[in-house]
Amino acid sequence: MLKIIKQVSLIRATNPAHGNIQTFLEQLVVEVVASNYRYFLNEHLINSVSDDRQPEARCWPPLLANERQVSGLFANALSSVCPVSRPEFAILRPGVAGKRGKVGADRNGRVDFFATYGKRSLALELKQISISPLGDAAVRRGLTARWKSVERQSAEVLTHLCAYRDYYPHPTSVGLMVIRVSRKVSSKRKPETARSEAAEQMPSVLQRVRQSIKPDFLAHYVPPLEMQTCLEGGENENEYRVFPGIIFAAVVHGQQPAKKKKR
């Protein structure tokens, strides 16, 4: 299940004549979720050949993994949604010098993805973080710090795009954070009990995330039941990790108005 919790309200970013960023984010997340499930199905088929009694628990789809694997999913999704997309796109970050003090777009900064969407030049800064459904103070601090980094870096990218308007028409930048909600299950507990408890905690997790970072876009994805419990190890392979949900939060920086020339 995929549900949009909050839609982008910025007028400049939702102009359909240039390309509606709300529509872009919806299409992107759908592609990511669909690709992730295709990955899971293929891995499940491979595991089923060995007569494993828990083939689904041995699967670990990329959306539930680390940031690099999540980034791979988004690279494929962008190529489906956008006619042009490039990973690790060189930019000039304000106030940052490269090696030997040299400053240049190829020396001192990169954005995770650059793409075109409609008439827009679109930069996407992608981050991933894992949080527990228990919601302790350390988790909240880590989430807030990560979000501030997403906001700052995506704002810097827009500054770069706006400085070269001839190359980047209708510039827009998006900072997108993928928040993986998970909880480790010890060998002393039943995985299904822990999964059910974590699922019940998801509404409060969503509320805490929305209040603490105040994103422009917020979506919630609940993986199929067979994907929510993964085997994590242990001496007798009896430790699990449960994944009750994935949260997609985005900050959107619309086109900056052109500076008026002094007479």
Failed item in (1) part of a helix (DSSP H, G or I); (2) within 25 Å of PRO244 (Cβ to Cβ), with ARG152 passing the rest = (2)
inquiry  = List the residue pairs whose Cβ atoms are under 6 Å apart, where the first residue sits in region 236-263 and is at pLDDT 85 or above, the second is assigned to a strand (DSSP E or B) and open to solvent by 90 Å² or more (accessible area, probe 1.4 Å), and the two are 6 or more positions apart or on different chains.
reply    = ARG241/LYS184
ask   = So, in region 39-62, of the ones that are in contact with a strand residue (DSSP E or B) (Cβ under 9 Å, 6 or more places away or on another chain) and either more than 17 Å from ARG180 (Cα to Cα) or free of Cβ contacts under 8 Å to residues at least 24 places away in the same chain (or both), which residue ends up surrounded by the fewest Cβ atoms within 10 Å (Cβ to Cβ)?
value = GLN54
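Could you tell me whether ARG180 is touching a helix residue (DSSP H, G or I) at 6+ places or on another chain (Cβ under 7 Å), in a helix (DSSP H, G or I) and open to solvent by 10 Å² or more (accessible area, probe 1.4 Å)?
Numbers: touching a helix residue (DSSP H, G or I) at 6+ places or on another chain (Cβ under 7 Å): yes; in a helix (DSSP H, G or I): no; open to solvent by 10 Å² or more (accessible area, probe 1.4 Å): yes.
So ARG180 does not fit the description; no.
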request  = Output the residues belonging to region 133-171 that are among the polar types (S, T, N, Q) and under 17 Å from the mean Cα position of the chain (by Cα).
outcome  = THR144, SER149, GLN153, SER154
ask   = When both residues are 6+ apart or on different chains and their Cβ atoms are under 6 Å apart, which pairs have a first residue that lies in region 197-221 and is touching a residue at least 24 places away in the same chain (Cβ under 8 Å) and part of a helix (DSSP H, G or I), and a second that is surrounded by fewer than 15 Cβ atoms within 10 Å (Cβ to Cβ) and hydroxyl-bearing (Ser, Thr, Tyr)?
value = SER212/THR144
request  = Pull up region 1-38, narrow it to residues that are of a type in the set (Ser, Thr, Tyr) and in contact (Cβ under 8 Å) with a residue 24 or more places away in the chain, then point me to the one that is most open to solvent (accessible area, probe 1.4 Å).
outcome  = SER9
request  = Just need a number here: residues in region 183-205 that are within 25 Å of GLN7 (Cα to Cα) and buried (at least 20 other Cβ atoms within 10 Å of the Cβ).
outcome  = 1
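Being among the polar types (S, T, N, Q), in contact with a Lys or Arg (Cβ under 8 Å, 6 or more places away or on another chain), farther than 30 Å from SER173 by Cβ and open to solvent by 20 Å² or more (accessible area, probe 1.4 Å) is the filter here, so list the residues in region 206-238 that pass it.
Matches in region 206-238: THR229 only.
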ask   = In region 222-241, which residue that is outside any loop (DSSP other than H, G, I, E, B) and aliphatic (A, V, I, L, M) is farthest from SER9 (Cα to Cα)?
value = LEU231
query = Which ones in region 120-152 are under 26 Å from PRO83 (Cβ atoms) and free of Cβ contacts under 8 Å to residues at least 60 places away in the same chain?
reply = SER121, ALA123, LEU124, GLU125, LEU126
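The values are calculated or read from the model by the stated rules, or taken from the named source; none is laboratory data. These figures come from a predicted structure and were not determined experimentally. Virtual Cβ from ideal backbone geometry, glycine too; neighbours counted across all protein chains shown. In case anyone asks, the SASA skips ligands and DNA or RNA and just uses the protein heavy atoms, side chains included. Shrake-Rupley method; radii C 1.70, N 1.55, O 1.52, S 1.80 Å.
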